[in-house]
Amino acid sequence: MSEIYTLIEHRQGEIRDISFELLSCGRKLAEKTNSNLTALILGHNTENLVGKIKSQAHRILVIDSEVFKDYNSESYQLALSDIIKKANPFITLMGHTAFGMDLCPALATQLEIPFTTDCLDIDVVDNKITVTRQVYDGKLNAKIAVRDNPSYLFTVRAGCFLAEESDLKTEIANIDTSVTEPDYRKFVEYIETPAGDVDITKSDVVIGIGRGIKEQENLAMVEEFADAIGGVVACSRPIVDADWLPKDRQVGSSGKTIKPKLYIAVGISGAFQHVSGMKGAETIIAINKDPNAPIFNEADYGIADDLFKVVPVLKEKVMELK
Amino acid sequence: MDIIVCIKRVPQTAEADVTIDYTGKEIEKDRLSFDMNESDSYALEEAVLLKEKFGGEITVISLGHQDTEDTLRIALAKGADNAIRIKAEDFDELDGYKTAQIIKASISDLNFDLIFTGCIATDDAYSQVGVTLAELLDIPHASLVIFIDTSEKRAHVHRELEGGLMEHLDISLPALCTIQTGINEPRYASLIAIRRAAKKEIKVLGKEEIKDENILLNTQIEELFIPPKTKEVEFLTGSPGESAGKLANIFKEKGLI
Amino acid sequence: MNFELTNDQKMLQSEVRKFAENELAPLAPEIDISGEFPKESIKKLAELGLLGIFIPEKYGGSEFDFVSLAIAIEEISRACASTGVIVAVNNSLCGYPILQFGTEKQKQKYLPLLSSGEKIGAIGITEPNAGSDVASLESTAVLDGDHYILNGAKRFITNGTEAGIFIVFAYTNKELKHKGISAFIVDRDTPGFSLGNHENLMGIRATGNCELIFEDCKIPKENLLGEEGQGFYICMNTLDVSRIDIGAQAVGISQAALDEAVKYSKERVAFGKPICKFEMIQNMLAEMATQIHAARMLVYYSAWCKDAGIKRFSKEAAMAKYYAANIAVDVTRKAVQIFGGYGYSKDYTVERLYRDAKILELYEGTSEIQKVVIASELLR
């Protein structure tokens, strides 16, 4: 029977959300290809982690060692290349995260198996695989055929598969390892972004600004609106890159994930990295000049107009109705 | 410190209308403007900053068509010393894996302490070339790098993880880093630098020069399509006053103000 | 014949465009309202070498050709017309006459200051009672030992409030008519030199435009530019070059207006469809694009004449400036028309472009004067 492997991603003792999504994706693929799903955990003191994903896979393969306490793609690669070479699973899945992006291409290249990254969906028909990916700043999707091979490696985008409950009977197996952290790449420490005066994850109303704001001076206009509506100002990546707002205001995969009652995207185009941080908001509003901007695919209400015209009027109207 | 920087010329699609061409596999490019991929320009700047500190030479390399030479020349004007174009016209369809193999074959006789690439290209968005290339060269890598402090032998780098967290690594050189935007502030080329760069020769490599026979393509585009809408947005129309008024009323109805 | 830009021209174009879009365009609406001279932008432009575009490298310049000058001024003006003319004046109206007519000592002293932006350049031709009729100027300079004593006033001086170096024209011998005009390099801190009123202009509002006042202003003899009596010739020669700039500025402003109009016409819906579907809109867009293309070709051609070493290209420069200014006013007017009522609002860029365009028909020789130049060349 063929095998689907998913690599469980965890950090600082917590299993990351993407891992549950990968398990969902893995179960779907396993069902479709009549395979078994194996969850791979590389870590240290893994009981707690194993407990969290029990019943989510047919088998959990644990490699418990001090060396895997913190992720290091090189030591992971040393262990995983052996396992995959021996087991030759049909498909191995990992997240398209800072972790998976760092590991997948190297591991697959070493094993000489075809891979692709940032998959939104993976489709198997008669052992032929096509994946769906996003291209050209998220404006288009691409259906991609993957070269024929007995074994594949993919990274899957966060938020594309829903984490679901499952009640599989799970077998747990342990593998010993002799891997040590290589001298050529050593993990030193995690560094937290220093906390600022505003915690954007705690506010019911968040106004996110993006490239469309054009220059730093225009922040004042948005701050005034935020004050009027009782919200806080957050932003997408370009604003942090330009140093207009501190890193702790960034919403998105490399910033914070927020779930406010109301999110208002102002001048944000809607790159998936940003969307993944705000799509849990109850109501999403987008204000952007470009009616084709991807942000409108996420919004409940949209205004396709010049933000510099709309925002000041919106502030006035909100003040009137308050 | 010798550094190779891999750059790509990409269509600027973030604020443009993107349309699929008659093949269904490509976009219409004749109306789009092209420029150096965003994170590649940060990679180049980081290399120039290191060169200013340690000396050495920067070689920029790009797999692209003839017009890629314009982008390479801009890189020369911004501080690179040598430029190589690998003729994309010799290699049919490309993906990240194939590109990495071709680049590997092209730089076999170059000395380097570091290789920089951007962390993602905005066109095909694979995020593959850098890490794959490191593996093919059998050197350590770090992806999504937003800070580098390097000596001759080792580098301390910070990788950007999710949720505002960073990872501090200590890697040995030679190594490859894929560079994240925001690590520095890319410069504009001065006119004098442009004038000097315009005269520099760009080395062009074709299939004959790249002897590797086993270059493989992992993936092929079958079709492009417009992403299905996951949510149906309700557009509020009218003048800015009207649309803003409608929105304010929605806030009121939903009890948000 | 080759219409293709050279490698360095292409690179200059793409780099200046990027710089202008990212660094100048966002400031343009703000400085249009405040009238504040964009000092920070000028500093950055200096770092890139845009304040000494054709000045030789040995004088601190970038040593590009005049086609490149036109390309750069076009790109800068497309983002911000005020910044465009500031740069044009520094390069062509102050830098050029010193480069062309200055002594080696003057070139070594002044050109590096202008190229590096350490001092901004300006030129004083126009007076309260002398505009198009340059020979009617009233300023006088009288030699007194080692100094010329300059008296008079100049009006509408671009860069006036910020400049450190001024080219000033005055009569040294009124009896010789235009052959009695001389040109001087005047430092800002020269005793007897002060600034008058700041001009409150309709467009290009951030150009530090003001009056210059000379009251027994003592100019060292070595600051005479060229020879005594050569002023009129220097002035005309300089204006030939600066007309390339103004033509380029007109093309830049027009291109900005067309870009805005195309975008808006695709977005704005009326009678159930985007207005770009209406033939009357298409008619305007087609005319605008053709006008801009023709103007750009005239400007490039006049710049090419200068690069090719053609001594006399007054007609070509006047044609470029006259036509480009003319179409800029028309193109920006059409852009406002396409925007309808919104185009009349300060909230939209085309309103500014329309105001900025009007000056093009007035300065560096009015359109009427350009036609006089063209006709006189025909009738020579």
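The values are calculated or read from the model by the stated rules, or taken from the named source; none is laboratory data. Keep in mind it's a predicted model, so treat the numbers as computed, not measured. Cβ placement follows ideal geometry from the backbone for every residue including glycine, while neighbour counts extend to all protein chains displayed.
Out of B:Leu63, B:Leu110, B:Leu72, B:Leu49, I need the residue that is within 14 Å of another protein chain (Cβ to nearest Cβ), among the aliphatic types (A, V, I, L, M) and touching a residue at least 24 places away in the same chain (Cβ under 8 Å). Which one?
B:Leu72
If we keep just the residues of the stretch B:205-233 that are among the hydrophobic types (A, V, I, L, M, F, W, C) and at the interface with another protein chain (Cβ under 10 Å from one of its Cβ atoms), which is surrounded by the most Cβ atoms within 10 Å (Cβ to Cβ)? Quick ask: steps written out before the conclusion?
Step one: filter the stretch B:205-233 for residues among the hydrophobic types (A, V, I, L, M, F, W, C), giving B:205, B:210, B:215-217, B:221, B:224-226, B:233.
Within this subset, residues satisfying the condition of being at the interface with another protein chain (Cβ under 10 Å from one of its Cβ atoms) are B:216-217, B:221, B:224-226, B:233.
On the way: B:Leu216: 11, B:Leu217: 16, B:Ile221: 18, B:Leu224: 21, B:Phe225: 13, B:Ile226: 12, B:Val233: 19.
By that ranking, first place goes to B:Leu224.
Scan the stretch C:327-351 for residues that are among the charged types (D, E, K, R) and farther than 24 Å from C:Pro274 by Cβ and jot them down. Let's see the steps before the verdict.
Step one: filter the stretch C:327-351 for residues among the charged types (D, E, K, R), giving C:330, C:333-334, C:346-347, C:351.
If the condition is that a residue be among the charged types (D, E, K, R) and farther than 24 Å from C:Pro274 by Cβ, then C:Lys346 is the only one that fits.
Mind checking whether some residue in the stretch A:260-273 is over 22 Å from the mean Cα position of the chain (by Cα) and crowded, with 20+ Cβ neighbours inside 10 Å?
yes
Determine whether the stretch A:65-78 contains at least one residue that is surrounded by 19 or more Cβ atoms within 10 Å (Cβ to Cβ), aliphatic (A, V, I, L, M) and not in a helix (DSSP H, G or I).
Scanning the stretch A:65-78 turns up no residue that is surrounded by 19 or more Cβ atoms within 10 Å (Cβ to Cβ), aliphatic (A, V, I, L, M) and not in a helix (DSSP H, G or I).
Taking B:Thr237 as the residue in question, decide whether it is farther than 26 Å from A:Tyr136 by Cβ, of a type in the set (S, T, N, Q) and surrounded by fewer than 14 Cβ atoms within 10 Å (Cβ to Cβ).
Values: farther than 26 Å from A:Tyr136 by Cβ: yes; of a type in the set (S, T, N, Q): yes; surrounded by fewer than 14 Cβ atoms within 10 Å (Cβ to Cβ): yes.
Yes; evaluated as a whole, the condition is true for this residue.
Restricting the search to the stretch A:106-117, which residues are part of a helix (DSSP H, G or I), at the interface with chain B (Cβ under 7 Å from one of its Cβ atoms) and either of a type in the set (Lys, Arg) or in contact with a Leu (Cβ under 9 Å, 6 or more places away or on another chain) (or both)? Spell out the reasoning first.
Pass one, the stretch A:106-117, residues part of a helix (DSSP H, G or I): A:106-111.
Checking the rest, the ones that are also at the interface with chain B (Cβ under 7 Å from one of its Cβ atoms) come to A:106, A:109-110.
Of everything in the stretch A:106-117, just one residue is part of a helix (DSSP H, G or I), at the interface with chain B (Cβ under 7 Å from one of its Cβ atoms) and either of a type in the set (Lys, Arg) or in contact with a Leu (Cβ under 9 Å, 6 or more places away or on another chain) (or both), namely A:Thr109.
Is it true that B:Arg159 is among the basic types (Lys, Arg), buried (at least 22 other Cβ atoms within 10 Å of the Cβ) and either more than 9 Å from chain A (Cβ to nearest Cβ) or free of Cβ contacts under 8 Å to residues at least 40 places away in the same chain (or both)? Explain how you work it out, then say what you get.
Working: among the basic types (Lys, Arg): yes; buried (at least 22 other Cβ atoms within 10 Å of the Cβ): yes; either more than 9 Å from chain A (Cβ to nearest Cβ) or free of Cβ contacts under 8 Å to residues at least 40 places away in the same chain (or both): yes.
Here the answer is yes, as B:Arg159 does meet what is asked.
In the stretch A:182-196, what residues are under 19 Å from A:Arg11 (Cα atoms), outside any strand (DSSP E or B) and within 7 Å of chain B (Cβ to nearest Cβ)? I'd like the intermediate steps shown before the answer.
Let us first name the residues in the stretch A:182-196 that are under 19 Å from A:Arg11 (Cα atoms), namely A:185-194.
Narrowing further to those that are outside any strand (DSSP E or B): A:193-194.
Residue satisfying the conditions is A:Thr193 alone.
Please indicate, with yes or no, whether at least one residue in the stretch C:344-361 is farther than 22 Å from C:Ala88 by Cβ, in a helix (DSSP H, G or I) and modelled with pLDDT under 95.
There is at least one residue in the stretch C:344-361 that is farther than 22 Å from C:Ala88 by Cβ, in a helix (DSSP H, G or I) and modelled with pLDDT under 95.
A:Trp244 fails exactly one of the following numbered conditions: (1) among the hydrophobic types (A, V, I, L, M, F, W, C); (2) within 19 Å of the chain's Cα centre (by Cα); (3) more than 10 Å from chain B (Cβ to nearest Cβ). What is the number of that condition?
Unmet condition: (2).
Could you tell me which numbered condition A:Glu165 fails, if it satisfies all but one of (1) in contact with a Pro (Cβ under 9 Å, 6 or more places away or on another chain); (2) farther than 25 Å from A:Asp70 by Cα?
Exception for A:Glu165: condition (1).
Could you tell me whether A:Asp102 is more than 8 Å from chain B (Cβ to nearest Cβ) and among the acidic types (Asp, Glu)?
Values: more than 8 Å from chain B (Cβ to nearest Cβ): no; among the acidic types (Asp, Glu): yes.
No: the conditions fail for A:Asp102.
Looking at the stretch C:343-361, I want the residues that are within 14 Å of chain A (Cβ to nearest Cβ) and have a partner that is surrounded by fewer than 24 Cβ atoms within 10 Å (Cβ to Cβ) and outside any helix (DSSP H, G or I) with Cβ atoms under 7 Å, at least 6 apart or on another chain. Which pairs are those?
Matching pairs, first to second residue: C:Glu351/C:Ser345.
Select the strands (runs of 3 or more DSSP E) contained entirely in the stretch C:118-196, then report the ones holding at least 2 residues which are farther than 30 Å from C:Gly84 by Cα.
Values: elements: C:121-124, C:140-144, C:147-157, C:165-171, C:181-187.
Where strands (runs of 3 or more DSSP E) fall fully within the stretch C:118-196 and carry at least 2 residues being farther than 30 Å from C:Gly84 by Cα, they are C:140-144, C:147-157.
What's the total number of residues in the stretch A:252-270 that are more than 8 Å from chain B (Cβ to nearest Cβ) and either touching a residue at least 60 places away in the same chain (Cβ under 8 Å) or within 19 Å of B:Val233 (Cβ to Cβ) (or both)?
Going through the stretch A:252-270, the residues more than 8 Å from chain B (Cβ to nearest Cβ) turn out to be A:252, A:258-260, A:263-268, A:270.
Those left that are additionally either touching a residue at least 60 places away in the same chain (Cβ under 8 Å) or within 19 Å of B:Val233 (Cβ to Cβ) (or both): A:260, A:263-268, A:270.
Summing the residues that are more than 8 Å from chain B (Cβ to nearest Cβ) and either touching a residue at least 60 places away in the same chain (Cβ under 8 Å) or within 19 Å of B:Val233 (Cβ to Cβ) (or both) in the stretch A:252-270 gives 8.
One residue is enough: does the stretch B:94-105 have a residue meeting the conditions aromatic (Phe, Trp, Tyr), free of Cβ contacts under 8 Å to residues at least 40 places away in the same chain and not in a loop (DSSP other than H, G, I, E, B)?
First pass over the stretch B:94-105, keeping only residues aromatic (Phe, Trp, Tyr): B:97.
From what is left, the residues that are free of Cβ contacts under 8 Å to residues at least 40 places away in the same chain are none.
The answer is no; no qualifying residue exists.
Of all residues being under 30 Å from C:Gln13 (Cβ atoms) and free of Cβ contacts under 8 Å to residues at least 40 places away in the same chain in the stretch B:191-223, which is nearest to the chain's Cα centre (by Cα)? Just the residue, please. Walk me through it before giving the result.
Restricting attention to the stretch B:191-223, the residues satisfying the condition of being under 30 Å from C:Gln13 (Cβ atoms) are B:191-206.
Adding the requirement that they be free of Cβ contacts under 8 Å to residues at least 40 places away in the same chain leaves B:191-192, B:195, B:199, B:201.
Details: B:Leu191: 24, B:Ile192: 26, B:Arg195: 25, B:Lys199: 25, B:Glu201: 23 Å.
This residue is B:Glu201.
If we scan the stretch B:169-187, do we find a residue that is more than 9 Å from chain A (Cβ to nearest Cβ), more than 17 Å from B:Phe54 (Cβ to Cβ), touching a residue at least 12 places away in the same chain (Cβ under 8 Å) and in contact with a Pro (Cβ under 9 Å, 6 or more places away or on another chain)?
yes
Out of all the residues in the stretch B:119-149, which are surrounded by fewer than 24 Cβ atoms within 10 Å (Cβ to Cβ) and out of contact with any strand residue (DSSP E or B) (no Cβ under 8 Å at 6 or more places or on another chain)?
Once the filter is applied, which keeps residues that are surrounded by fewer than 24 Cβ atoms within 10 Å (Cβ to Cβ) and out of contact with any strand residue (DSSP E or B) (no Cβ under 8 Å at 6 or more places or on another chain), the stretch B:119-149 yields B:Leu136, B:Asp138.
So which residues in the stretch A:274-309 are more than 20 Å from B:Glu232 (Cβ to Cβ) and buried (at least 23 other Cβ atoms within 10 Å of the Cβ), if there are any at all?
First, the residues of the stretch A:274-309 that are more than 20 Å from B:Glu232 (Cβ to Cβ): A:274, A:276-277, A:289, A:306-309.
Hits for the stretch A:274-309 are A:His274, A:Gly277, A:Leu307.
With (1) in a strand (DSSP E or B); (2) away from chain A (no Cβ under 11 Å) as the list, and B:Val10 as the residue in question, which single condition is left unmet?
(2)
To keep it simple, each residue is scored yes or no on (1) modelled with pLDDT of 95 or more; (2) assigned to a helix (DSSP H, G or I); (3) under 19 Å from B:Ile202 (Cβ atoms).
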{"site": "B:Asp17", "(1), (2), (3)": "no, no, no"}
{"site": "B:Leu44", "(1), (2), (3)": "yes, yes, yes"}
{"site": "B:Leu50", "(1), (2), (3)": "yes, yes, no"}
{"site": "B:Arg73", "(1), (2), (3)": "yes, yes, yes"}
{"site": "B:Arg85", "(1), (2), (3)": "yes, no, yes"}
{"site": "B:Asp109", "(1), (2), (3)": "no, no, yes"}
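Pick from B:Ile146, B:Ile202, B:Ile139, B:Ile194: which is more than 14 Å from chain C (Cβ to nearest Cβ), modelled with pLDDT of 95 or more and closer than 26 Å to B:Pro11 by Cβ? Before the answer, list the steps.
Values: B:Ile202 fails: more than 14 Å from chain C (Cβ to nearest Cβ); B:Ile139 fails: closer than 26 Å to B:Pro11 by Cβ; B:Ile194 fails: more than 14 Å from chain C (Cβ to nearest Cβ).
Going through B:Ile146, B:Ile202, B:Ile139, B:Ile194 in turn, the sole match is B:Ile146.
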